[in-house]
Amino acid sequence: MPSKDHYVIIGNGPAGNHAAAVLRKKDADARITIISDECIPYYYKPKLTGFITDNISRKDLLVLSLESYAKNNIRVRLGQQVTRIETDSKTLHFDHMEKIRYTKLIIASGCNSRVLPSMELYEESLKFVTSYTDVMEYKDQIKNAKEFFVFGGDFVGFKFLRMLNAMGKKVTILIYPHAFWPHNLSDAMLDQMVASLEKMNVKVIVRDDIKQIKESHGAYQINTQKGIEKKVDMVFSFNGMIPNINFVMGSGIDCDHGILVDEYLKTNIDNIYACGSCAQIYNPAVKSYTTSIGWPNAVSQGEVVAQNVLGENKVITSVGRKYFDLEGVKIKTTWWKDIDDESQL
Amino acid sequence: MKRNDLYSKEERVFKDKNKIYSAQSVKQIAYSTDARDFGQVAQSVPCQEACPAKTNIPGYIRCVHDKRYGRAYELNRSANVLPGVLGRICSRPCEAACRHGEPDNGQSVGICHLKRSCADLKPASHRIIEGLYSPTDKKVAVIGSGPAGLAVAHDLAIFGHKVMIYESMEKPGGMLMYGIPEFRLPRDLLMLEIKNILRMGIELTTGKSIGVDIELAQLEKEYDAVVVATGCVTPRKLGIEGEDLENVHNGLEFMEAINEGKTPFVGKKVAVIGAGFTAVDCARSAIRLGATDVSLNIRKTEEYMRIDESEKHEAQFEGIKTNSLVQPSRIIGDGQKVTGIEFVRTRLEKIDTPPFRTSVRIKNSEFIVQVDSVIAALGQSPDVDTVSKDLKKLKRQDDQAWKGKVFAAGDFVTGSTDVISAIAGGRKCARRIDEQLNGEKRRQRVVRLEEHKTTDRPRAFDFIPKLEMNTIDMKKRLVKAGNEVETGYIDEQAFEESKRCYLCNLKYEIDPLACIYCSACIDVAPKDCIKMIKDIPMNPDGTYGEYEETSDWNDVVSITIENANCIRCGQCLAVCPMDCISVTKTELIEIDI
């Protein structure tokens, strides 16, 4: 008898797509829907910097073509945003006022750029590199701009910095030690990082803070608390990522920084699961709650969540201790696999 | 003819329209005590219903829109005697209930900020209005000059009774003066509004504790009634090892010390325990005392914190971190001073009856954080015994307690709540006392109904984004700890925010006898608020139950507007070809009996 289930997956990244693939493999008849607020099929996010510099074409950026969703009988809703989840009636509300029903829901909505409270006032002047949509908006502008200002740091930020450097752009960075959330940089780490960046001919500002950003005629003037003044063409912010879970708020699903799930990736509400970087799990190894980051973690969580949706009880396990490297400074991660390791894609 | 009779219960239409009092003859006003009208107001004006003091919120917001700030202030003052204070520190149950904040409707209206605007923007020459009754020669003693005590005293003075307030501290205001930091509530404003209350002939004795300096029995002899409004002052303890170490502060005492001008030691790294307003006030005060690493440690998640979003945002802006899902298990010291604190991680768990989320410790999840000081702000409970051991014998009902001459109100009765609830409780208590002293009730709640020709707002106003409060920058916050962080809306901002109110006090009705059932109103309604129904069950309190809708024309009894769903966009009114939709302004008011 054909399955009457409608599995809905919010998120079109590695976690969501790997979950969909497992579900399809094990349940040939079920309806599967993937919802994405972006207008592009499943793509390699870590390759976005390569896409900006034109080393990678749009086609190379894609992991899946639209046809391959159809081939697997997976309905994909692109450019649609879920605004609310009604758990009692198992209904999702979209911002275009449509509603759809699910029997089982997987939330794999990933992360958004974190905006520091001190920078919220200037959010309109800040640019982020978190999605294809962002990049498409700024790609040409980045090519034409000469001077850049970067706030924060974080892993993506440093990658972006290396990219700008290779493009011959002038870059100033104001490093926030707390940009590497949840880790705070120590003074020694900071000094090592500065030395490494200065070798790259990047102007580095440390132990300072934003005073104001003023926009005029498409350019930005930045003033810092310690009196540094800088005129640039574009301002970017890289202060870590926060789980993209606004649409979950008020639904009754327990959230902390991310969606709280148990070791089976189940939320507190029946038939709702979360995986990837939007999910937060208690990790006994570090006696703390962690959100996973990185592509390989998302893939393995996506696969595990699909199996659990289908009635198995697979526990998500810690994947060992690793370090990641930020301009010569090794930051210990206890839960995460190597992030952004493209060789593993 | 009684005024209530002008409004026919059977026909629910205005009768004898031109014979209402001459001064109001052009306005067509009726006063109703019909349960259906109270039910309608309760269901249709959610902000007012959520407000413990039943403030006429749409009414004062409309006055702000019309730049009648003085009138807006008085509308507030008729429900709560401290509008300027509450406009800053209210816990805002109204905003949580605001229809603009419902799913798909955007964000709730900045009701509290607009309340503040009434106080800030009213003209310098504004005169407060008090409807005084003749003196009664009755004497009432009020113990405690916090919000409940002040509200009781004010209303009793209005009723003509002679009131004496006994305050144990040096200054009046209770928690407002000693519990809330100056950067949230400027003391000159607080004192101004207190003086506005005291000038009703109320006497104030400070520095006298009842039960210590004067016995309650003594007051009972001297006065016709005694009100206990001593609030909640006994702090809850952590109940863990190390609580008595030096630099482990209790939240309330910590705030008291700061508000008395002292500077308790906090060091650089501070762990605050607690999830309420006091905890956040302590954390923000610690930053102003020079701490650089301040954390709020809560057992559940931020969602369950008992503070509003703007407070959370300000704390975050000032660099305060929130560590959720942790519970302190031990405070570590060097024998004398605190050096660290041990936490355990918790997880959320469900309790079915009553439905509630609780936190449960996770085994073997202990971890230690080095700190210079700990502030435990876990709330407080009433101190029943100090005033008199007899107070345990008071008869209690909801937020009121009484026995013979002795009455109690505010947090003393309800346990720790919020300022607006204390004021509401105080006012209720004053009415109960007056009834006892006077022999009969003098005031009565009615629904004032006034025909209203227009919707007062275009649909475009629904899309105006919420205006954030103006605040001072971090440097100014730190240069003087008492500098008020929020600076209020300027005139234009208040006007802009006031446009956002749906004006839920306007009731929309379709006259089923004039309606031709063309469904044009249904077609244009942006919400599912106009319904073809076969029945509406009525609850005993006058509210409506769930509308029984039907799409079968044979069953349709009426086409009706569900006011609890209506966002007062006015589209139906504009499109109706029969002009059969009426607008009535409803107002919950108090009148003489």
Through the Karplus equation 6.51 cos²θ - 1.76 cosθ + 1.60, θ set to phi - 60°, convert the phi angles of the range B:397-406 into ³J(HN,Hα) values in whole Hz; use x for Gly and Pro. 8, 6, 9, 10, 8, 6, 6, x, 7, 9
When you look at the Cβ of every residue in A:247-257, what mean number of other chain Cβ atoms sits within 10 Å? 3
Share antiparallel - DSSP beta bridges, the protein assembly as shown, percent rounded to 5: 55 percent
Would you calculate, for chain B, the mean residue ellipticity at 222 nm contributed by helices, counting each DSSP H stretch of 4 or more residues as -39,500 (n - 2.57) and dividing by all residues, to the nearest 500? -8000 deg cm²/dmol
Taking 8 Å as the Cα distance limit and 6 or more residues as the minimum spacing, I'd like the relative contact order of chain B as a percentage. 18 percent
Amide H neighbours of B:Asn297 under 5 Å, counting only residues 5+ apart in sequence or on other chains, H built in-plane at 1.01 Å? B:Val272, B:Ile273, B:Gly274, B:Asn323
Beyond 19 Å between alpha-carbons counts as too far, so tell me which of B:Lys312/B:Lys466; B:Lys312/B:Lys363; B:Lys269/B:Lys337; B:Lys466/B:Lys531 fall in that bin. B:Lys312/B:Lys363; B:Lys466/B:Lys531
Could you give the spread of the C-alpha atoms of the range A:206-299 along their three principal axes, from largest to smallest, in whole angstroms? 53, 29, 24
Per residue of the range B:217-231, what does 6.51 cos²θ - 1.76 cosθ + 1.60 with θ = phi - 60° give for ³J(HN,Hα)? Whole Hz please, x for Gly and Pro, Karplus curve as stated. 4, 4, 5, 4, 5, 7, 10, 7, 7, 10, 10, 9, 9, 8, x
Ratio Rg/Rh, restricted to the range B:414-510 and using Cα atoms, in which Rh is the Kirkwood radius: 1.13
Between the range B:70-139 and the range A:121-197, what's the alpha-carbon centroid distance in Å? 47 Å
Taking the Cα atoms only, what angle lies between the long axis of helix B:111-121 and the longest principal axis of chain B, rounded to 10 degrees? 90 degrees
Over the Cα atoms of chain B, Rg to Rh with Kirkwood Rh, two decimal places? 1.00
With each label point set 7 Å from Cα along the Cα-Cβ vector, what nm distance links A:Asp208 and B:Val360? 5.2 nm
Rounded to the nearest angstrom and ordered from largest down, what semi-axes does the equivalent ellipsoid of the range A:122-218 get from its C-alpha gyration tensor (root of 5λ)? 22, 16, 14
Distant alpha-carbon pairs in chain A (separation over 30 angstrom), percent: 39 percent
Extent of the range B:29-120 along each principal axis, from alpha carbon coordinates, in Å, largest to smallest? 37, 34, 24
Taking Cα atoms, the helix B:419-438 axis meets the longest principal axis of chain B at an angle in degrees (rounded to 10) of 70 degrees
Those GluC sites (Glu not before Pro) from the range A:44-130 that are DSSP loop and have at most 13 other Cβ neighbours within 10 Å turn out to be A:Glu98
Which value, in Å to one decimal place, does the Kirkwood hydrodynamic radius take for the range B:204-348 when every pair of different Cα atoms is included? 17.4 Å
For q values of 0.07, 0.08 Å⁻¹, compute log₁₀ I(q)/I(0) with the Debye formula on a Cα-only model of the protein assembly as shown, without solvent. -0.70, -0.92
At B:Gln107 and B:Lys527, where each label point lies 7 Å from the Cα along Cα→Cβ, what is the point-to-point distance in nanometres? 1.9 nm
Could you calculate the contour length gain from A:Glu86 to A:Ser68, that is, 0.36 nm times the residue separation minus the distance between their Cα atoms, to one decimal place in nm? 3.4 nm
Computed D for the range A:168-236, Stokes-Einstein, Kirkwood radius over alpha-carbon pairs, 10 °C, 1.306 mPa s, to the nearest µm² per second, is 120 µm²/s
In degrees, nearest 10, range 0 to 90: what is the angle between the Cα axis of helix A:154-166 and the longest Cα principal axis of chain A? 60 degrees
If I model the range B:350-484 as equal point scatterers sitting on the Cα atoms and use the Debye formula, what is log10 I(q)/I(0) at q = 0.15 Å⁻¹? -1.08
Measure out, as a whole number of angstrom, how far apart the alpha-carbon centroids of the range B:516-544 and the range B:452-495 sit. 35 Å
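Read the figures in this text as sums done on the coordinates, not as results from a lab. From a predicted model like this one, the values you see are computed outputs, not experimental measurements. Methodologically, a virtual Cβ is constructed for each residue, glycine included, from the backbone with ideal geometry; neighbour enumeration extends over all protein chains shown.
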